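The values are calculated or read from the model by the stated rules, or taken from the named source; none is laboratory data. Keep in mind that what you see is a predicted model, and the values were worked out from it rather than measured. In case anyone asks, the SASA skips ligands and DNA or RNA and just uses the protein heavy atoms, side chains included. Shrake-Rupley method; radii C 1.70, N 1.55, O 1.52, S 1.80 Å.
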Amino acid sequence: EYSVVARITHRLRSAEMKGPDGFAALAEALHDNKRLWNIFAVDVADAANPLPRELKARIFYLAEFTHHHTRKVLAREASVEPLLDINTAILRGLRGGAAET
């Protein structure tokens, strides 16, 4: 999980740094990020998932936020920063609080 989130986060950040010239790469990375969060949402919605209920609810909320915010970024109405912040927080959690990408 860590490597997938790290790879997508790196792609989002790299595309963002290119500005308007990186929009196609950003759109592709956003699509992959949205797919990843969809996987997370499906996983935590499964009754057999052993994570605590509150944590599953928070992850599901983040997945919903990611989907909603992605639409805004693609419409050029919002920054990708909140998505980068979320992924970076997930990376810290997966590493036990260690540094980001």
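Against the chain, whose longest principal axis comes from its Cα atoms, helix 23-45 is set at around 10 degrees.
Think of a 1.4 Å ball rolled over the protein heavy atoms: the range 45-99 then has 64 Å² of accessible area per residue. Counting only alpha carbon atoms, the long axis of helix 2-17 and the longest principal axis of the chain meet at about 20°.
Heavy-atom surface analysis with a 1.4 Å probe gives the range 47-101 a carbon and sulfur content of 57 percent of its accessible area.
Partner lysines whose Cα lies under 24 Å from the Cα of Lys56, excluding those fewer than 8 positions away in the same chain, are identified as Lys34.
Please arrange Phe40, Phe65 by accessible surface area, largest first, computed with a 1.4 Å probe and ligands excluded.
Descending accessible area places them as Phe65, Phe40.
Using Cα atoms only, what is the angle between the long axis of helix 81-94 and the major principal axis of the chain, expressed in degrees (0 to 90) to the nearest 10? Roughly 40 degrees between the two axes.
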